[in-house]
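**Q** Got a structure for you, questions after.
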Amino acid sequence: MWTLRYLSMGLLAGFCLLGSSRAAWFRKPSADIYIAPNGNDTWSGALPKPKDGDGPVATIARAQELVRARRLSQAGPITVLLRGGTYRISEPLTFGPADSGSRAAPITWAAYPGEKPIVSGGRVLQGWTETEDGLWALNVPEVASGEWFFWQLFVDGQRRRRCREPDEGYFRSEGPFIPRPARRSKEWGNPECRIGFFFKDGDLQAWKDMDNGTGVVSQSWTASVHWIDTIDEAKHELRFTKGSGWPMGYWEKNQRYYIENVRAALDEPGEWYLNRHTGLCLYKPRKGERIESFAPIAPVADQLLRVEGDSDAGLPAEGLVFQGLSFQHGAFVLPYDQRHDGQAAISLTGAIYTKGTVNCRFEDIEVAHVGTYAVWFAAGTRDTTLIRSELHDLGAGGVKIGETRSEQTEATACRNNLVDNCFIHDGGHIAKAGIGVWIGRSNYHTVSRNEICDFDYSGGSIGWSWGYAPSSANHNVFEYNHIHHIGNGVLSDMGGIYCLGKSPGTVLRGNVMHDIASYSYGGWGLYTDEGSSDIVMEKNVVYNTKSGGFHQHYGRDNIVRHNILAFAREGQIIRSREEKHLSFTVEKNIVIFDNGLPLGKNYNNGNYAFDNNLYWDVTGEPFLFAGYDLEEWREEGNDANSLVADPKFRNARKFDFRLSPGSPAHLLGIEPLQNFSKVGLYGPSWWTRKPKGAVHRPLDASMKPAKGGKTSRRNPKLIAEDCEGVDVGAKISFAGTSGEEKGASIRVVPNPAGEGKCLKFQDADDLEREWQPHLSGSLMWRKGAVRASLDVLMTSGGHFWHEWRDRASPYGVGPNLRFKDGKLNTGSTELCSYPMDTWMHVEIRCPIGDDAKGVFELALTVAGKEPRTFKDVPFGKAGWQRLESIVWVSNATVTSEFYLDNLRYERVPLAELGE
């Protein structure tokens, strides 16, 4: 077979042939068969142009017949050259075992030197007439008969926008039919929660052609595309023919959407409209366009080239080379009773599709103006390469490799394929979740030296298994790619490179990723999502992301090393879920920022490893590590040998991350990427300069701002509140307030039994949750001891519940108190009675961390009385050690109130506990 090493050598030889010319693969045009638009299928195909009654054939299909015949008598390589011009097809070109060559004797289909042959799946629409209102009109009988419908129109090589409302931005729904159902609930399975939503007054009308229109609805990491069924203006209901994958309004109650292809929306130059019932196509011309020469192209075929063998029968399609060809105008197809939805736009095919294909090569090709992915290497595709090719103006993504399920047999395994030195850009025009390069449950692929940009979802994706189930995704390599301008504020929950599920042997190396922006949460660089395990991320440079340089949702034993993580607008290294195994190891990285946020949240259980890293805030301000100062962070077992120091980049503010002499990174053994010429496209200058001409998409105006601000959450040794500095009617600031509804509240009020002010907990009838309203505060106290005190005044019917918790799942409980009906309890144990409408002083003393003994000490002093002390009061849950959350809860089920004042919680050395 053609190994990757063999192919790399072939590339070098190819570049020697190219020399300084971008046009020629051969110094002298020489082929066995020629094809030309002005050819004739009755000719021999032996000549490059007509001469003396002979010449090139006219169609690729005829050339295939000649190649098959020649193979019967010719054992060597066969070359077919296509002259420049357009070859129109209505069905995909199909190559199979009968068209195959071999590694030693390939069958090559290539462009004639200096010319550009285009295989077009589109039809030219001609014969337009002008209407009274200045539109251009064309009746398309095949549309009226139901034989054809097209979602795309291309004018002079440019995609024209379907008419839409609003013209820019989005409408906002008024909410779903069923508000955010709980998973696995009865409502979750109710089709009503997905079929549509309420719209705001004035946004939509019951257009006569409403069933001709479609809606594009933003979810989180997808945007579903639906045909409109009905619009009820009186009820403000928009209903689709097929529901979405996620319930409407699940990710955002007033979700974004827009409407396409209703006649009333045709109001902007360059827009067009197609009536699926009458076949009438309307176009609003742009300035300078002339109807006499207007000849737009509408796609007919969704696939343009199929290379397909029979893997199970041992009959692959093999030894085929496609070189210098342009494949254009592929259709997007969506039946009226269906919808498009789903992560990564995974249901869509590729304009070029391979299955059961071995040792094939696609080189210097172009795929453009299509409604799906550009290329799909499907099941059974092996040792096949896509090299130095441009994929752009795509309805979905660039390249799909493999399948969504694990390999069924060894014969159908998709394995050992290469995508190298390709410019993959400008995707997601229809299916916004399309990805630059997607690898499913497949293995031993290499994605290298590509330029990937301008997608509304992730740049790369590896794996397709949620959680820790076995998967055939392993040993895949993403290296030295330039991935940028991803997300653009349109979708959420994305990565420059996104990983999913177990993937041993997978390496993300030397990639440069930047300008990654999500709509709401999740604009990350390196992203290990659910169950991602055994992945190495090394020598990557990630900067200017919205949400983080590296983020792990949950996973196991991932390694993050020798990376530069810079200038995320939120934290640089993010961890979403704590688990009982080692999440990841972060070592020998340079982490540089300007917002005091080297880390995000959820660094509580210690199941992670940090060391030999270099941290620096370019503002020079001090910063914390997930709430700890460096000394405390080290006491937790982290970054024992790491440094806080200027890494001495040449110009970090301008994203020049080359290290200057004397950088402290060298002292730590950090070896970041420094040879940036190894990243992205390579070869002749006409090729490497191509990305410089790309116009990047602006950030979506609806994008939500990044969270985090300039300072990290503090980890103080003391929190206290006496309410005297807080206005009456205001909330307190040292803890979060929740559940203020239906008359329930937690606000500062005048002291009902004395001078000054205090905090009133007002409960109410008929609240949805018994434990509302409540206060909650976050801490990270894990060693030493805590000395706490607060004043309590209970009234009839009031129920005050107070707990110290950790953040385990389920959470553990240490000291806990309940004041109810004149009785003070801890757990199920009654400690004493207390009077109503009288201030009481409560003191709690408790060792924490390794010194915790499973018990605490409590003292209660009623005003005017002697203290009552209770020693060795059991924790709520044996084994609790860490004070990471404090809650103050009104747990009554009726209208009632109680009051707190002089709250004070202090972390002290164990030796001071008794003072």
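**Q** Is it the case, given these coordinates, that D872 is farther than 30 Å from E578 by Cα and in a loop (DSSP other than H, G, I, E, B)?
**A** No; evaluated as a whole, the condition is false for this residue.
**Q** Looking only at the stretch 831-862, count how many residues are over 52 Å from the mean Cα position of the chain (by Cα), in a strand (DSSP E or B) and surrounded by fewer than 18 Cβ atoms within 10 Å (Cβ to Cβ).
**A** 6
Residues checked against (1) outside any strand (DSSP E or B); (2) of a type in the set (S, T, Y):
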site: L238; (1), (2): no, no
site: W246; (1), (2): yes, no
site: W251; (1), (2): yes, no
site: N254; (1), (2): yes, no
site: Y257; (1), (2): no, yes
site: Y273; (1), (2): no, yes
site: T278; (1), (2): yes, yes
site: K287; (1), (2): yes, no
site: F327; (1), (2): no, no
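**Q** Considering each residue of the stretch 579-599, count those that are part of a loop (DSSP other than H, G, I, E, B), of a type in the set (D, E, K, R) and without any contact (Cβ under 8 Å) to a residue 40 or more places away in the chain, and give that number.
**A** 3
**Q** Just one of (1) more than 33 Å from the chain's Cα centre (by Cα); (2) in a strand (DSSP E or B); (3) not hydrophobic (A, V, I, L, M, F, W, C) trips up E292, so point out which.
**A** (2)
**Q** Given the residues A730, A720, A744, A764, which is the only one that is crowded, with 18+ Cβ neighbours inside 10 Å and either in contact with a Lys or Arg (Cβ under 9 Å, 6 or more places away or on another chain) or without any contact (Cβ under 8 Å) to a residue 24 or more places away in the chain (or both)?
**A** That would be A764, the only listed residue that is crowded, with 18+ Cβ neighbours inside 10 Å and either in contact with a Lys or Arg (Cβ under 9 Å, 6 or more places away or on another chain) or without any contact (Cβ under 8 Å) to a residue 24 or more places away in the chain (or both).
**Q** Same structure again: Do you know which of the residues in the stretch 717-772 that are assigned to a loop (DSSP other than H, G, I, E, B) and closer than 30 Å to L910 by Cα is nearest to the chain's Cα centre (by Cα)?
**A** It comes out as A735.
**Q** Could I ask something else about it? Inside the stretch 354-452, counting only strands (runs of 3 or more DSSP E) that do not spill past its ends, which hold 1 or more residues that are over 21 Å from H484 (Cβ atoms), of a type outside the set (G, A, S) and in contact with a helix residue (DSSP H, G or I) (Cβ under 8 Å, 6 or more places away or on another chain)?
**A** The qualifying strands (runs of 3 or more DSSP E) are 361-363, 385-387, 418-420.
**Q** Applying the selection to the stretch 253-301, what residues are outside the structural domain of D156 (by TED's automatic domain parsing) and of a type in the set (S, T, Y)?
**A** Y257, Y258
Condition check ((1) assigned to a loop (DSSP other than H, G, I, E, B); (2) more than 37 Å from the chain's Cα centre (by Cα)) across all residues:
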residue: A98; (1), (2): no, yes
residue: R103; (1), (2): yes, yes
residue: G114; (1), (2): yes, yes
residue: V119; (1), (2): no, no
residue: G134; (1), (2): yes, yes
residue: V143; (1), (2): no, no
residue: W148; (1), (2): yes, no
residue: F154; (1), (2): no, no
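**Q** Could I ask something else about it? Is it the case, given these coordinates, that I559 is of a type outside the set (F, W, Y), touching a strand residue (DSSP E or B) at 6+ places or on another chain (Cβ under 6 Å) and farther than 23 Å from G395 by Cβ?
**A** yes
**Q** Go through the stretch 392-426 and give me each residue that's farther than 15 Å from A378 by Cβ and in contact with a Pro (Cβ under 8 Å, 6 or more places away or on another chain).
**A** Hits for the stretch 392-426 are F423, H425.
**Q** Would you check if there is a residue in the stretch 637-647 being among the acidic types (D, E) and modelled with pLDDT under 95?
**A** no
Quick grid of which residues meet (1) within 25 Å of K654 (Cα to Cα); (2) modelled with pLDDT of 95 or more; (3) outside any strand (DSSP E or B):
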{"site": "Y457", "(1), (2), (3)": "no, yes, yes"}
{"site": "H485", "(1), (2), (3)": "yes, yes, no"}
{"site": "G505", "(1), (2), (3)": "no, yes, no"}
{"site": "L508", "(1), (2), (3)": "yes, yes, no"}
{"site": "S518", "(1), (2), (3)": "yes, yes, yes"}
{"site": "Y521", "(1), (2), (3)": "no, yes, yes"}
{"site": "W524", "(1), (2), (3)": "yes, yes, no"}
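**Q** Here is a follow-up. Checking K287 against (1) closer than 23 Å to D156 by Cβ; (2) in contact with a Cys (Cβ under 9 Å, 6 or more places away or on another chain): exactly one of these is not met. Which one?
**A** (2)
**Q** Residues of the stretch 600-632 being part of a loop (DSSP other than H, G, I, E, B) and touching a Leu at 6+ places or on another chain (Cβ under 6 Å), which ones?
**A** Once the filter is applied, which keeps residues that are part of a loop (DSSP other than H, G, I, E, B) and touching a Leu at 6+ places or on another chain (Cβ under 6 Å), the stretch 600-632 yields N607, N612, A626.
**Q** Oh, and also: Given the residues A144, A105, A110, which is the only one that is loosely packed, with under 15 Cβ neighbours inside 10 Å and hydrophobic (A, V, I, L, M, F, W, C)?
**A** Going through A144, A105, A110 in turn, the sole match is A105.
**Q** I would also like to ask the following. Being at positive phi, in the same structural domain as T829 (by TED's automatic domain parsing), at pLDDT 95 or above and of a type outside the set (D, E) is the requirement here; does G756 meet it?
**A** It is true that G756 is at positive phi, in the same structural domain as T829 (by TED's automatic domain parsing), at pLDDT 95 or above and of a type outside the set (D, E).
**Q** Please go through (1) on the phi > 0 side of the Ramachandran plot; (2) at pLDDT below 95 for G55 and return the number of the only condition it doesn't satisfy.
**A** All conditions are met except number (2).
The values are calculated or read from the model by the stated rules, or taken from the named source; none is laboratory data. Nothing here was measured: the structure is a model prediction, and the numbers come from that model. Here Cβ is always computed from backbone atoms with ideal geometry, including for glycine, and neighbour counts include all displayed protein chains.
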